[in-house]
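Report on the structure given below.
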Amino acid sequence: MKIQLLPDQLISQIAAGEVVERPASALKELLENSVDAGSTQVQVTLQQGGMKLLKVTDNGHGIAKEDLELALTRHATSKIQSLEDLEQVGSLGFRGEALASIASISRTLLTSRQAAANHAWQIAVEGTQGHTISPAALDAGTIVEVHDLYFNTPARRKFLKTENTEFGHCEDAFTRVALSRPNVGFLLQHNGKAITRLAANTPQQRITDILGNEFAAQSVWLEEDSGGLRLWGMTASPTYQRHSRDSQYVFVNGRFVRDKLIAHAIKQAYQDVLHGDKHPAFVLFLELDPALVDVNVHPAKTEVRFRESQAVHRFIFHSLHKALGKTSAEIQASQPVQAPFNPFRPANGSMLNMPHEQVEMALQSRPAFGGYNQPSVSNGAALAQQFYGQLYGDLNTDPTATDRGQGRAALASLPDTSELPTTLADNVPQQYPLGFALGQLHGIYILAQNLQGMVVVDMHAAHERIMYERLKLAMSEQAIATQPLLIPMSFYAEKVEVATLQSLQGSDTLQQLGFDMATLSPTTIAIRAVPSLLQDSDAVALARAVLRDLHTYGASRVLVERQNEVLGTMACHAAVRANRQLTITEMNALLRDMETTERSGQCNHGRPTWFQVSLPDLDKMFMRGQ
């Protein structure tokens, strides 16, 4: 067939198919134009999910009368003029296709006024017809009204979804632009109802306004600079895990992107602390020289290409890994301090004001924890108060009181929250954010008191993370120290275990993991040494687990690709088990280790190791003040 030029109208509609996939695509382009125009206030009005009406009003620089018709022409833009400009794009829009593509498949009304102009001008376009310019009334800025999207391309319109679905996509586009420009105020209206109103604010507050207080409370602020790269934003704790990727936002020089390289770096940073198939939440901004990133990869401009991709990957990974690796003390040090929780203060005030008979009854009715030989609540509290007294001075408590009368006197002498010394309030948040243990619950959880309220710790999960981090540190120093057994232990082994051990002859894999094992017979293996960090664990169970991992992953891959999995298995076997009764001193030692261990907020499987229950939350549970 003969080759021929396509009509201009068809060319524009083909281009619209690339740029304007749905109403949300048009909204994204119009919002980016408003932001590029220096607007400080942007208002979006939608009807029927943007299919009936899509209107964007801003107070930006505006468009001159002589440029109105040109603004609706394909490949016409004020943002680049040469190849040099294209190689270091600093604006969100630059192709000059958006307005022309939108106008070709809708009834568009463009009204604009520059601050120095006498009045505004508007141009009306219906598909590719019209271009009528007439005077209009408007303050400085621009209004773009897009009516009846796809009215002249019914084949495209039938692929649109329901009104709610299309509005959801428009809301996502609105959210992305609003996150990228916290210094701009935004308003979103749908079918005459205000949906979202955002005042110009700080980046932290804008993120909080959009993703919610829960996200902000469980996130850490990140800000890293290195080699011309800057990464900042908020990344959520692994305990704030999602079932989908709906709370993941990455911006490169202020432009929202979906980049595989960045996604892989983030996934690697979270892989050691995220549970199962859950997804992390984050709002991250990467800034670099525009000449080092190519944004002209895709018509929708959501894909980019980096000149130094490996450097970007390493920078993002290490920045996030560092932020997620903060200890509990580092994370909690900057949090606001509330009055300490007093478990012996009844709803009507201090026990100091209670009659003698009520105090006696209260003491008699307090059961011991779990029914085993554990200090009672009052004695446990006295021991915790003894720690306070030793560290911060005399708090007028008598931890040696043993009989009921002395115990009552010690309990009554516990200070009210207002009487705690200022040194306690000043020093505890920085040094002991997890507080001090009060007792154990069902042999599984540690209950502790800190200045914010109550802390509940899963002792096995917490100890597992501590041992895991210690093993990783030892492994990073080439090998894990071994502890020879005074009497070697032998155990009956399966054929696969014996075969796995025999396959390791001539290899130093086991030695690097801290083990010394030998085959005594076709069914017997002897353990001569175990890692010194795990010398108190069940040696046979530990050896079986390691041999199982070596068989599963292969000895050649264990120390390279699967090192963390094997170390995690070892740490799990070494961690304190449920129903192990700990003394108050042991519990506090575990809390102190957690405060100084990186990533101690999650176990090796990504599950949380502790939770904070604040005083306001406790007050709400018991309806205090209501």
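Per-structure values
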{"item": "Of the criteria (1) at pLDDT below 85; (2) surrounded by fewer than 14 Cβ atoms within 10 Å (Cβ to Cβ), which one Ala291 fails", "result": "(1)"}
{"item": "Some residue of region 261-270 being surrounded by 17 or more Cβ atoms within 10 Å (Cβ to Cβ), β-branched (Val, Ile, Thr) and assigned to a loop (DSSP other than H, G, I, E, B)", "result": "no"}
{"item": "Answer residue from region 189-237, given it is modelled with pLDDT under 95 and aromatic (Phe, Trp, Tyr) and is farthest from His318 (Cα to Cα) among those", "result": "Phe215"}
{"item": "Of all residues making up region 271-284, the number that are over 19 Å from Glu598 (Cβ atoms), touching a residue at least 60 places away in the same chain (Cβ under 8 Å) and surrounded by fewer than 21 Cβ atoms within 10 Å (Cβ to Cβ)", "result": "3"}
{"item": "Elements of type helices (runs of 4 or more DSSP H) contained in region 442-526, each with 1 or more residues being among the aliphatic types (A, V, I, L, M), within 30 Å of Thr239 (Cβ to Cβ) and under 41 Å from the mean Cα position of the chain (by Cα)", "result": "459-476"}
{"item": "2 or more residues charged (D, E, K, R) and more than 26 Å from Phe611 (Cβ to Cβ): qualifying strands (runs of 3 or more DSSP E) within region 179-260", "result": "193-198, 219-226"}
{"item": "Where Arg624 falls short, out of the listed (1) closer than 30 Å to His279 by Cα; (2) within 33 Å of the chain's Cα centre (by Cα)", "result": "(1)"}
{"item": "Qualifying residue in region 234-252 (condition: on the phi > 0 side of the Ramachandran plot and either exposed (fewer than 15 other Cβ atoms within 10 Å of the Cβ) or touching a Leu at 6+ places or on another chain (Cβ under 7 Å) (or both))", "result": "no"}
{"item": "Residue check, Lys28 out of contact with any Gly (no Cβ under 7 Å at 6 or more places or on another chain) and at pLDDT 85 or above", "result": "yes"}
{"item": "In region 448-502, residue nearest to Phe611 (Cα to Cα) [restricted to those that are acidic (Asp, Glu) and crowded, with 17+ Cβ neighbours inside 10 Å]", "result": "Asp458"}
{"item": "Subset tally (residues that are in contact with a helix residue (DSSP H, G or I) (Cβ under 7 Å, 6 or more places away or on another chain) and at pLDDT 85 or above) for region 545-555", "result": "6"}
{"item": "Residue in region 461-473 that is at pLDDT 50 or above and within 21 Å of Leu618 (Cα to Cα) present", "result": "no"}
{"item": "Every pair of residues 6+ apart whose Cβ atoms lie under 7 Å, when the first sits in region 517-530 and is free of Cβ contacts under 8 Å to residues at least 40 places away in the same chain and closer than 15 Å to Leu504 by Cβ while the second is of a type in the set (Lys, Arg) and in a strand (DSSP E or B)", "result": "Met517/Arg528; Ala518/Arg528"}
{"item": "Unmet criterion (only one of (1) touching a residue at least 40 places away in the same chain (Cβ under 8 Å); (2) more than 25 Å from Asn33 (Cβ to Cβ); (3) not aromatic (Phe, Trp, Tyr)) for Leu188", "result": "(2)"}
{"item": "Residue satisfying all of: in region 131-165; under 27 Å from Glu66 (Cα atoms) and part of a loop (DSSP other than H, G, I, E, B); nearest to the chain's Cα centre (by Cα) among these", "result": "Leu149"}
{"item": "Search result, residues across region 544-568 that are more than 14 Å from Arg465 (Cβ to Cβ), under 29 Å from the mean Cα position of the chain (by Cα), in a helix (DSSP H, G or I) and of a type outside the set (D, E, K, R)", "result": "Gln563, Val566"}
{"item": "Residue among Arg599, Arg592 that alone is surrounded by fewer than 20 Cβ atoms within 10 Å (Cβ to Cβ) and either more than 30 Å from Val496 (Cβ to Cβ) or at pLDDT 85 or above (or both)", "result": "Arg592"}
{"item": "Selection count where residues are without any contact (Cβ under 8 Å) to a residue 24 or more places away in the chain, over 16 Å from the mean Cα position of the chain (by Cα) and buried (at least 16 other Cβ atoms within 10 Å of the Cβ), scope region 194-220", "result": "1"}
{"item": "Flag if Ile584 is among the hydrophobic types (A, V, I, L, M, F, W, C) and more than 38 Å from the chain's Cα centre (by Cα)", "result": "no"}
{"item": "Region 450-479 residues that are closer than 18 Å to Thr596 by Cβ and free of Cβ contacts under 8 Å to residues at least 60 places away in the same chain, paired with ones that are buried (at least 19 other Cβ atoms within 10 Å of the Cβ) and hydrophobic (A, V, I, L, M, F, W, C) (beta carbon under 8 Å, 6 or more apart)", "result": "Ala474/Ile480; Ala474/Leu533"}
{"item": "Within region 54-75, tally of residues that are under 11 Å from His190 (Cα atoms) and either more than 36 Å from the chain's Cα centre (by Cα) or crowded, with 22+ Cβ neighbours inside 10 Å (or both)", "result": "1"}
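The values are calculated or read from the model by the stated rules, or taken from the named source; none is laboratory data. Keep in mind the model is a prediction, meaning the values are calculated, not measured. We place every Cβ from the backbone using ideal geometry, glycine too, and count neighbours over all the protein chains shown.
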